[in-house]
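This report refers to the structure that appears directly beneath it.
The numbers here are math on the coordinates, done by the rules we state, and not lab data. Keep in mind that what you see is a predicted model, and the values were worked out from it rather than measured. Heads up, the Cβs are rebuilt from the backbone with ideal geometry, glycines too, and the neighbour counts pull from every protein chain shown.
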Amino acid sequence: MAVFDPATLVYDANGLIPCIAQDAATGEVLMMAWMSRDAVVRTLETGRVTYWSRSRQAFWVKGESSGHVQELVELRLDCDRDCLLALVHQTGPACHTNRRVCFYTALRDGVEVELMAPE
């Protein structure tokens with residue numbers, strides 16, 4: 001076992017890495033957002049999933065204002081170390097549209113189909 005060093009991750013030109021959030025209990029894919037090196041560190045230190053908001057240029061602790069918290073169960077690295085998978089306990093909807101997941105639109109035979117309404 002090696003001690004984890006966030007500097008060993010592969011970040012894009014903006015210093016960010018994509019992170020997919022998945023429900024640890026159900027396996028449901030909830031959302032994707034970006035993390036900076038410091039967001040990775042904060043997530044591991046606090047157990048609260050922390051992303052980097054590209055629009056606000058600030059840290060975004062999931063659920064800080066909405067109450068829809070993501071509690072970290074485990075953080076996984078992909079084989080190329082350029083994408084993360086956060087297994088989480090999700091409280092409330094994960095999507096800012098108030099849906100359980102961000103992936104609520106399917107493409108079926110060239111048509112967009114909405115799979116779920118807001119909660």
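Rounded, prolate or oblate: which fits the range 34-74 when a ≥ b ≥ c are the square roots of the eigenvalues of the alpha-carbon gyration tensor, with rounded for a/c under 1.5 and prolate only if a/b beats b/c?
Oblate is the answer for the range 34-74, as a/c is 1.5 or above yet b/c matches or exceeds a/b.
Phe103 label point, 7 Å along Cα→Cβ, cut-off 16 Å on backbone N: hits in the range 1-33?
From the range 1-33, the list is 18-33.
Every cysteine in the chain with no other Cys Cβ under 4.7 Å from its Cβ, please list them in numeric order.
Cys19, Cys79, Cys83
How large is the helix-only mean residue ellipticity at 222 nm for the chain, computed as the sum of -39500 (n - 2.57) over DSSP H runs with n ≥ 4, divided by its residue count, in deg cm²/dmol to the nearest 500?
It lands at -2500 deg cm²/dmol.
Once the piece of chain linking Arg76 and Ile20 is laid out straight, how much longer is it, given 0.36 nm per residue of separation minus the C-alpha distance between them?
Value of the extension gain: 19.2 nm.
Once fully extended, how much extra length lies between His96 and Asp12, figured as 0.36 nm per residue of separation less the alpha-carbon to alpha-carbon distance?
The span from His96 to Asp12 would gain 27.8 nm if fully extended.
Checking the a/c ratio against 1.5 first, then a/b against b/c, what shape does the Cα gyration tensor give for the chain?
Since a/c reaches 1.5 and a/b is larger than b/c, the shape of the chain is classed as prolate.
Beta carbons within 10 angstrom, averaged per residue: use that to sort the peptides 72-84, 15-27, highest first. The partial results should precede the final answer.
On the way: 72-84: 13.6, 15-27: 16.4.
Sorting 72-84, 15-27 by mean packing, highest first, produces 15-27, 72-84.
Using 0.36 nm per residue, how much length does the chain from Glu28 to Ser55 gain when fully extended, once their Cα-Cα distance is taken away?
7.1 nm
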